[in-house]
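Please read the structure below before turning to the comments.
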Amino acid sequence: MESYIVETPVASLIFIFTLITSIYAFSNQGVLERFMLHPYSISRGGRIYTLLTSGMIHRDWMHLFFNMFTFSFFGFQLERILASISSWGHIQFALIYLLSLIISDVTTILKQKDNYHYYSLGASGAICGVLFSAILFQPTSYIGVFFIPIPAVIFGPLFLIYCVWAARASRDSINHDAHFYGAVVGVVVTVLLYPQVIGHFFSAVGQLVS
């Protein structure tokens, strides 16, 4: 545990803090309600802070487990990669996480700005940003989907297509828009920070298919 904190201080802090705040909110309805994203209020200048706090809480144990499980696989890995490339790597990791979290909610706010009863919560947008940033650096790695290993370079487009379809179908209470835009923000911010990752990505993919 100590080595994780030393090598990946930002990911460790996010992981621990999200666990604590989410578990606390499970038994405190007042905190849960105050922390949730409320597009109706935000579009009218209120509860702006929920752009951040909504990523600190989760709907239930399964929601928390799935997000933290995904984050543990890719968040710590990505921070190590960035720190090995740049002395600013830890800060850049935080930037990718936070921008993915905040910007991924913008379309939700625009779409639901007149829906007083709509609320959203969870760190999925930020985690999708981290996941897709990691895919840029390691496109030939494998991601397990229902215990089936899929190359990251194939998983990425399939995931985005699914998000678009699921958002339009609206058959569940999951904010698929946040997943999609979180992933997009993660890619864009990573490319802005490391333009050379584009060449690395296509070179790695080329070796995979050759």
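Some notes on this structure:
- Residue 132, sole failed condition from (1) among the aromatic types (Phe, Trp, Tyr); (2) surrounded by 20 or more Cβ atoms within 10 Å (Cβ to Cβ); (3) outside any helix (DSSP H, G or I): (3)
- Among the candidates 169, 152, residue that is open to solvent by less than 60 Å² (accessible area, probe 1.4 Å), at negative phi, within 17 Å of the chain's Cα centre (by Cα) and modelled with pLDDT under 90: 152
- Some residue of segment 193-203 being at negative phi, modelled with pLDDT under 90, open to solvent by 80 Å² or more (accessible area, probe 1.4 Å) and polar (S, T, N, Q): no
- Matching residues in segment 172-182 - criterion: being open to solvent by 20 Å² or more (accessible area, probe 1.4 Å) and at pLDDT 90 or above: 179, 180, 181
Listed here are the residues, each with its yes/no results for (1) part of a loop (DSSP other than H, G, I, E, B); (2) among the aliphatic types (A, V, I, L, M); (3) under 22 Å from residue 59 (Cα atoms); (4) open to solvent by less than 40 Å² (accessible area, probe 1.4 Å).
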| residue | (1), (2), (3), (4) |
| --- | --- |
| 90 | no, no, no, no |
| 96 | no, yes, no, yes |
| 109 | no, yes, yes, yes |
| 116 | yes, no, yes, no |
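- Unique match (being closer than 18 Å to residue 182 by Cα and at pLDDT below 95) among 78, 110, 101, 95: 110
- Among the residues examined, residue 126 qualifies as in contact with a Phe, Trp or Tyr (Cβ under 6 Å, 6 or more places away or on another chain) and closer than 27 Å to residue 33 by Cα.
- If the condition is being under 30 Å from residue 8 (Cα atoms), in contact (Cβ under 8 Å) with a residue 60 or more places away in the chain and of a type in the set (A, V, I, L, M, F, W, C), then segment 92-125 contributes 93, 94, 95, 96, 99, 101, 103, 106, 121, 123.
- Taking the criterion of being open to solvent by 30 Å² or more (accessible area, probe 1.4 Å), closer than 30 Å to residue 84 by Cβ and not in a helix (DSSP H, G or I), the only residue of segment 1-56 that qualifies is 1.
- Residues that are in contact with a helix residue (DSSP H, G or I) (Cβ under 6 Å, 6 or more places away or on another chain) and within 20 Å of residue 112 (Cβ to Cβ), drawn from segment 184-210: 185
The values are calculated or read from the model by the stated rules, or taken from the named source; none is laboratory data. A quick note: this is a predicted structure, and the numbers were derived from the prediction, not measured. All Cβ positions, glycine included, derive from the backbone under ideal geometry; neighbour counts span all protein chains shown. Calculation scope for accessible area: heavy atoms of the full protein, side chains included, ligands and nucleic acids excluded. Shrake-Rupley method; radii C 1.70, N 1.55, O 1.52, S 1.80 Å.
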